[in-house]
1. Please give the FRET efficiency for residue B:66 paired with residue B:38, using the beta carbon to beta carbon distance and R0 = 60 Å, rounded to the nearest 0.05.
2. Taking +1 at the Cβ of each Lys and Arg and -1 at the Cβ of each Asp and Glu, which of B:136, B:266, B:179 sits farthest along the dipole of region B:93-297 towards its positive end, judged by Cα position relative to the Cα centre?
3. Check the straight Cα-Cα distances from residue B:96 and name the lysines below 20 Å, setting aside those fewer than 8 residues away within the same chain.
4. Could you tell me the ratio Rg/Rh of the protein assembly as shown? Both radii from Cα atoms, Rh via Kirkwood.
5. Per residue of region B:147-163, in order, report the coupling 6.51 cos²θ - 1.76 cosθ + 1.60 (Karplus, θ = phi - 60°) as ³J(HN,Hα) in whole Hz, putting x for Gly and Pro.
6. Å³ per residue of the Cα convex hull, for region A:106-229?
7. Solvent-accessible area per residue for the protein assembly as shown at a 1.4 Å probe radius, Å²?
8. In whole Å, what three semi-axes, largest first, describe the equivalent ellipsoid of region B:24-85 built from its Cα gyration tensor (square root of 5 times each eigenvalue)?
Amino acid sequence: MAAIEFQAVSKVFPDGTRAVDSLDLEIKEDEFMVFVGPSGCGKTTALRMVAGLEEISEGTISIGGRVVNEVQSKDRDVAMVFQNYALYPHMTVAQNLAFGLKLRKFDKAEVRRRVSVAAATLGLEDYLERKPSALSGGQRQRVAMGRAIVREPHAYLMDEPLSNLDAQLRVQVRAEIQKLQRTLGVTTIYVTHDQTEAMTMGDRIAVMRGGTLQQVDAPEQVYRWPVNRFVAGFIGSPAMNMVNARLTRANGDLVASFGQHSLVIGEEVLANRPALRAHEGGEVVLGIRPEDIEDAAFAAEAPGRTLTVVCTLREALGAEVLVHFSAVDDESAALIARVDQLTAARMGEPLQLVVDTSRLHFFEPASGLAIYGEGGRVGAPVAA
Amino acid sequence: MIVVPGRRRARSVEGSGPALIGPDEWRRARVRWGFGGAQVLLLIGLIVIGLGPLVWLAKSAITPTNDTITYPMALFPHGAAWSNLHEAWSNVQVGKYFWNTVVLAIGSWFAQVFVATTAGFALSVLRPAYAKVITALLLTTLFVPAVVLLVPLYVEIVHPPLIHHSFIDSYWAVWLPAGASAFNVVLVARFFDNLPREIFEAARIDGAGPFRLFWSVVLPMSKPILGVVSVFAVLASWKDFLWPLLVLTNPDEQPLSVRLPQIQSQTSLGVFLAALFIASLVPIIGFLIFQRSFLRGTGLGGAIKG
Ligand SMILES: Nc1ncnc2c1ncn2[C@@H]1O[C@H](COP(=O)(O)OP(=O)(O)OP(=O)(O)O)[C@@H](O)[C@H]1O
Ligand SMILES: [Mg+2]
């Protein structure tokens with residue numbers, strides 16, 4: 001319905017906390033944008049500035065081309081779903097849904113129509129006359145959603161709306177929200193610290209850390225081409241394995257070695273990361289996603305791709321097995337491989353693992369920035 | 001903690017939380033009779049102290065004056081004198097003073113609730129930058145004894161600023177000062193502070209301006225504190241003596257609290273006691289009716305997850 005644009009937006013709280021630091025971001029019309037990041041990174045603050053609940057210290061926010069810095073919440077025409085629902089306790093579900101419409105002077109028939117449409121969409125027809133205190137958590141959550149959708153606003157702002165639901169309900173409501181957003185086609189900012197939600201829901205995701213934006217891109221792009229160690233570690237579950245490795249040249253191939261292991265870096269990696277060559281002879285941080293490591297019994301073995309390790313812990317998840325192992329003697333931090341469910345790996349026993357070397361990640365040890373380089377992958381991601 | 005011994009034991013056995021006396025100890029006869037007996041005595045004592053004077057007043061209100069004087073402890077030696085009540089109501093005009101009291105109480109109640117809620121809303125919910133200063137000033141006024149303020153307040157009522165028309169002998173002289181209660185404002189503001197702010201924010205995003213927010217969201221959520229303020233306001237107004245005596249000089253306008261001492265010299269003891277009884281009836285009945293609905297829990301369940 002309306003694009004939302006952050007231009008060099010900062011938020012400084014009276015106590016000096018810089019919760020959001022010069023945020024530049026454009027959210028397109030009808031886009032589902034997810035703000036994701038660890039606790040305290042400023043996601044909620046950014047969202048509240050869009051809603052008009054928090055003053056904008058620096059920069060401008062515009063909604064639908066109109067700068068809203070000085071516009072009151074009630075005149076911004078956005079709807080917000082709060083983390084803790086914030087339903088009106090003294091009103092029935094129907095009154096909760098209708099409140100915003102009444103204040104906007106819709107006529108009675110229209111209010112009734114919209115409330116019943118929203119109630120039908122969210123499966124709330126049977127609860128319309130109940131007070132919020134007589135609803136379950138999931139039902140309250142749906143009322144909070146309903147209060148947003150009856151309004152048909154310029155934008156939805158959702159602050160961790162699923163965080164209070166149990167795992168099963170969360171998956172279900174997650175799908176509902178996505179479907180709803182697609183059918184209604186309303187620009188949405190969705191805040192979460194759950195990277196699964198971010199990956200599955202967003203058209204694009206904005207990864208934040210300590211008030212600064214790290215990267216904005218489609219989920220799979222962020223997953224495949226993270227701009228730095230932080231993003232690489234935050235997106236993906238289990239998190240990407242990181243080890244310090246030395247780049248050397250052997251038999252004409254570039255090799256990354258750590259502990260007693262060495263991996264030959266594939267051609268496609270070098271094509272995407274030309275800057276890697278400059279690190280020859282130096283230290284880099286090597287990133288390997290757990291899902292890029294497979295039990296040798298289930299993968300084509302190849303020289304320069306195999307790790308011989310001892311399994312220190314085995315976690316069977318059903319569809320797959322997480323194998324923990326340590327690759328570097330002096331490092332207690334375990335690495336994790338996500339291998340086939342039929343793996344023969346046993347705790348304390350040696351194991352052959354094969355790494356998909358076409359999907360290795362490399363980072364500069366000092367700055368933590370991903371190594372891509374001129375002509376490499378990743379156009380121009382935002383990085384701090 | 002006055003519980004009949006038998007029930008006390010049953011509850012202790014169910015065993016929620018530490019009991020003063022454990023279930024095993026209750027089984028010992030000496031403990032049971034000693035402790036249980038003490039509880040019953042305490043209960044009786046409290047009833048006598050709390051209810052006794054009221055019952056005595058009710059009894060005396062319908063006893064002929066002679067009997068009350070001659071046999072103070074006897075129960076209706078020569079029958080009841082219901083006429084006392086009627087005489088007090090119409091001849092001594094307790095009815096009229098009663099009505100005056102009601103009007104004064106309603107006005108004072110309204111002034112107090114109006115000022116307390118609007119000021120509390122401004123200080124706690126709207127929170128302008130200077131709210132802290134105002135709250136601090138309000139708190140400091142709580143340290144000034146009411147007696148000290150009597151003379152300046154009186155002068156202000158006689159020569160009100162801007163209006164230049166004395167309020168003496170008008171009910172405004174009672175109603176307006178009643179509203180100026182720092183205690184109520186602080187009480188209500190603290191209550192508003194504890195309401196979940198997200199709900200106010202949700203209302204603002206839903207399109208509510210300050211007035212809407214106050215009327216449709218904050219007030220309905222504040223019934224418990226409105227009840228408390230109302231009970232205090234009505235009771236305080238009902239029994240206030242000094243201020244109405246000062247500002248209402250016309251006997252036809254005075255409330256019961258001011259008139260009762262004068263009535264005493266004009267009528268017989270029986271009728272006077274009947275008047276006293278009528279005067280104390282309203283606060284008691286009112287409290288019995290409203291204590292439940294006003295003083296119970298907040299009823300905010302389900303508003304927010306937490
Ligand atoms: N009113 C405030 N005054 C001072 N600092 C604040 C205030 N509100 C938030 N902060 C700080 O700003 C930072 C960002 O807070 P914010 O609520 O935006 O985090 P978040 O990303 O939403 O985290 P979470 O995932 O835990 O909800 C935090 O460090 C927080 O302590
Ligand atoms: Mg938050």
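The values are calculated or read from the model by the stated rules, or taken from the named source; none is laboratory data. Computed from a prediction, not measured in an experiment: that's the story for all the values here. Glycine gets a Cβ as well: all are built from the backbone with ideal geometry, and neighbour counts include every protein chain shown. Remember, those area values only see protein heavy atoms, side chains included, never the ligands or the DNA or RNA. Shrake-Rupley method; radii C 1.70, N 1.55, O 1.52, S 1.80 Å.
1. Details: r = 42 Å, r/R0 = 0.70.
The value I calculate is 0.90.
2. B:136
3. Correct list for residue B:96: B:239.
4. Value, to two decimals: 1.16.
5. So the Karplus estimates, Gly and Pro as x, are 4, 4, 7, 4, 5, x, 5, 4, 4, 5, 6, 6, 10, x, x, 6, 7 Hz.
6. Working: hull volume 16.3 nm³, N = 124.
Given the Cα convex hull of region A:106-229, per-residue volume reads 131 Å³.
7. For the protein assembly as shown, the per-residue accessible area is 49 Å².
8. 41, 11, 8
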